[in-house]
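The values are calculated or read from the model by the stated rules, or taken from the named source; none is laboratory data. Nothing here was measured: the structure is a model prediction, and the numbers come from that model. With ideal geometry, Cβ positions are generated from the backbone for all residues, glycine too; neighbour counts draw on all protein chains shown.
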Amino acid sequence: MNLEKILKTGNEVRMINGTEAFITTIDEVTGENSFTILAPYKQGHQVIVRTSEIFSVSCVTERGLYMFEVVVTDVDAASNVIIIHLRTWGEARRVQRRQAFRVRESIAVNARKYPDGKWVKTSTVDIAETGILLRFDEDCEIGQEMEMTLRLNLFGLNEILSRIKGTVVRCIPTRNREFGFRLGVQFVDLPEKARDALIKMVVLSQRDKLTYRQTKKFR
């Protein structure tokens, strides 16, 4: 896979091996299967990276989430900024959006029955770019219109999606005393900016879970 068509300078990459895990940024894509990164820092101290070390890498790009292995080919300490040269080890694989379609993440939501219901402070059970499973304190009929404000405050995101409209497609009773129902809400006329933010959050969540599973394999 041609990295020059996938990665860009400034892309954030997460790298792990058996002893280290860190986040840094791409300095330059130098070829179809090679790129450089800035020397990573962790808790204010530079992470020591050595030639021939192998890392598992994940990177969120405009095309989605990519994961691949790299080997360190050189550590350039000739200037004040240390540059680490990497070459891919095997094929890069793209995590398809259908694999990352719905994720179990709890985000803060203000929701009400549209147009004149009371506002309820609640949270999601899971979330996708097309809708959410929402904790709610009232029974709702299928087709009930909802108005919501979603606060995406995780994985480095800090987005408030206001006045999001949706339609109830499921209403599931629960035994929870505070929120006695779970609503499956499908978004309606979702603004492009809000959709992009949700897609990014879903991809970042998927990457986080995949990285966690990879880290467990090394333990």
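Miscellaneous remarks
- Every listed requirement among (1) out of contact with any Ser or Thr (no Cβ under 9 Å at 6 or more places or on another chain); (2) outside any strand (DSSP E or B); (3) touching a residue at least 40 places away in the same chain (Cβ under 8 Å) is met by residue 165 save one, (2).
- Note on the range 134-159: residues that are under 18 Å from residue 203 (Cα atoms) and in a strand (DSSP E or B) amount to 4.
- Number of residues in the range 100-120 that are part of a loop (DSSP other than H, G, I, E, B) and of a type in the set (Gly, Ala, Ser) equals 3.
- Residues that are at pLDDT below 85, outside any helix (DSSP H, G or I) and not assigned by TED's automatic domain parsing to the domain that holds residue 15 do not occur anywhere in the range 192-201.
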